[in-house]
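Peer 1: The structure that follows is given in the form of structure tokens.
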Ligand SMILES: Cc1cc2nc3c(=O)[nH]c(=O)nc-3n(C[C@H](O)[C@H](O)[C@H](O)COP(=O)(O)O)c2cc1C
């Protein structure tokens with residue numbers, strides 16, 4: 001597959017439930033990274049089909065006030081292409097949260113059955129639900145019954161390296177009414193340390209008729225082409241690489257070229273959007289979550305990150321960005337994976 005054929009694939013509309021998306025690359029859900037300011041930065045470049053929020057607590061969503069919540073908040077303009085992700089363990093609570101998300105006007109809701117962080121799993125949420133498949137399917141069915149907009153399930157291989165289990169779960173989610181799956185082929189204790197097994201995406205894609213977004217270690221455009229060819233997935237979900245290069249969707253889908261000044265401009269824009277949407281010290285804290293992925297682009301990534309981390313105010317941060325990224329420091333051909341945790 002060459003770049004033009006890949007771009008045609010990425011720009012082929014995809015029906016999801018009762019809606020259609022215009023492009024097949026989506027921003028994967030990432031807590032602490034996929035916030036309103038970062039989504040605006042990505043939206044300014046374009047090229048994506050959907051953006052996912054970081055996970056929101058289903059218990060909190062029905063009463064959450066978007067003008068004070070740092071995670072359950074959005075810009076009105078982004079609602080048509082934004083999917084709100086929720087985590088929870090009880091079907092009725094997940095259904096109630098999904099109903100509010102539909103009423104607010106989001107494109108869809110995504111059920112988090114993939115997070116393996118202990119604090120989430122010990123409450124029976126996230127990837128813990130893959131230990132109770134009946135409960136997981138019950139949640140999908142309850143959400144399906146409560147809403148008519150698209151319902152996504154984001155899940156991973158499970159708790160053991162068993163492709164047949166993942167394919168079976170995919171079938172159960174489809175039968176329970178899910179409209180699309182976002183699948184990350186890693187077992188839960190792995191976190192992001194070992195490479196994802198893309199052949200499990202092939203099994204999941206082959207098991208269902210609903211669209212599957214493949215996810216995991218898409219760094220270079222060749223990775224995207226290979227995942228599509230190897231697995232037959234209907235779309236690609238990018239996480240960390242989109243944080244490193246928020247213009248990646250425009251680059252891959254539209255073939256848009258960016259010169260090296262984009263790094264300086266994007267870092268500054270991130271600061272300005274964080275200032276617009278959040279107050280100190282939270283905005284500085286959010287920049288420091290973004291910084292490792294951004295610095296992973298450069299040869300002297302650790303040095304750059306250390307300098308950024310020393311900033312104590314947003315003004316100091318802006319000065320440091322001017323000093324470090326104009327002109328653009330030496331780039332690596334592939335990101336420094338030590339910072340891609
Ligand atoms: C900082 C961080 C936060 C994440 N938070 C979530 C989350 O809230 N919900 C979720 O389903 N996945 C979450 N993920 C997992 C990503 O969606 C994705 O599956 C993972 O990063 C692998 O994709 P990548 O190799 O393109 O980064 C998170 C990942 C990172 C790095």
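Peer 1: Using the structure shown, decide if residue 270 is in contact with a helix residue (DSSP H, G or I) (Cβ under 9 Å, 6 or more places away or on another chain) and exposed (fewer than 13 other Cβ atoms within 10 Å of the Cβ).
Peer 2: In short, no.
Peer 1: Consider residue 79 against the criteria (1) in contact (Cβ under 8 Å) with a residue 24 or more places away in the chain; (2) over 17 Å from residue 102 (Cβ atoms): it satisfies all of them except one. Which criterion is unmet?
Peer 2: (2)
Peer 1: Continuing with this model, one more query. For residues that are touching a strand residue (DSSP E or B) at 6+ places or on another chain (Cβ under 8 Å), within 13 Å of the ligand (Cβ to nearest atom) and either modelled with pLDDT of 95 or more or part of a helix (DSSP H, G or I) (or both), tally how many sit in the range 116-143.
Peer 2: 6
Peer 1: Does residue 205 qualify as being at pLDDT 95 or above and touching a strand residue (DSSP E or B) at 6+ places or on another chain (Cβ under 6 Å)?
Peer 2: yes
Peer 1: Just the residues that are in contact with a helix residue (DSSP H, G or I) (Cβ under 6 Å, 6 or more places away or on another chain), assigned to a loop (DSSP other than H, G, I, E, B), closer than 26 Å to residue 281 by Cα and within 16 Å of the ligand (Cβ to nearest atom), please, taken from the range 311-341.
Peer 2: Residue satisfying the conditions is 340 alone.
Peer 1: Now for a separate question. Restrict the check to the range 254-271 and report whether at least one residue is under 19 Å from the mean Cα position of the chain (by Cα), assigned by TED's automatic domain parsing to the domain that holds residue 39, away from the ligand (no atom under 14 Å from the Cβ) and modelled with pLDDT of 95 or more.
Peer 2: Taking every residue of the range 254-271 in turn, none turns out to be under 19 Å from the mean Cα position of the chain (by Cα), assigned by TED's automatic domain parsing to the domain that holds residue 39, away from the ligand (no atom under 14 Å from the Cβ) and modelled with pLDDT of 95 or more.
Peer 1: Right, next: Can you tell which of 47, 54, 34, 23 is within 16 Å of the ligand (Cβ to nearest atom), under 17 Å from the mean Cα position of the chain (by Cα) and more than 22 Å from residue 279 (Cα to Cα)?
Peer 2: Going through 47, 54, 34, 23 in turn, the sole match is 47.
Peer 1: Among (1) part of a helix (DSSP H, G or I); (2) within 14 Å of the ligand (Cβ to nearest atom); (3) within 24 Å of residue 63 (Cα to Cα), where does residue 99 come up short?
Peer 2: With (1) part of a helix (DSSP H, G or I); (2) within 14 Å of the ligand (Cβ to nearest atom); (3) within 24 Å of residue 63 (Cα to Cα) applied to residue 99, the lone miss is (2).
Peer 1: Scanning for something in the same structural domain as residue 54 (by TED's automatic domain parsing), assigned to a loop (DSSP other than H, G, I, E, B) and in contact with a helix residue (DSSP H, G or I) (Cβ under 8 Å, 6 or more places away or on another chain), does the range 166-179 turn up at least one residue?
Peer 2: Within the range 166-179, one or more residues are in the same structural domain as residue 54 (by TED's automatic domain parsing), assigned to a loop (DSSP other than H, G, I, E, B) and in contact with a helix residue (DSSP H, G or I) (Cβ under 8 Å, 6 or more places away or on another chain).
Peer 1: Then there is this: Which helices (runs of 4 or more DSSP H) sit wholly inside the range 205-310 and have at least 1 residues that are closer than 20 Å to residue 11 by Cα?
Peer 2: Per the criteria, 221-231, 240-244, 248-254.
Peer 1: If you don't mind, another one. Which pairs have Cβ atoms under 9 Å, sit 6 or more apart or on different chains, and link a residue in the range 113-139 that is free of Cβ contacts under 8 Å to residues at least 12 places away in the same chain to one that is assigned to a loop (DSSP other than H, G, I, E, B) and within 13 Å of the ligand (Cβ to nearest atom)?
Peer 2: 117/31; 117/191
Peer 1: What are the pairs, 6+ residues apart or on separate chains, where a residue within the range 274-297 that is under 15 Å from residue 309 (Cβ atoms) and not assigned by TED's automatic domain parsing to the domain that holds residue 325 has its Cβ under 8 Å from a residue that is part of a helix (DSSP H, G or I) and away from the ligand (no atom under 13 Å from the Cβ)?
Peer 2: none
Peer 1: Restricting to the range 228-241, what's the tally of residues that are within 13 Å of residue 217 (Cβ to Cβ) and touching a residue at least 40 places away in the same chain (Cβ under 8 Å)?
Peer 2: 6
The values are calculated or read from the model by the stated rules, or taken from the named source; none is laboratory data. Since the structure is predicted, the reported quantities are computational estimates derived from the model, not experimental observations. Positions of Cβ are backbone-derived with ideal geometry, glycine not excepted, and every protein chain shown enters the neighbour counts.
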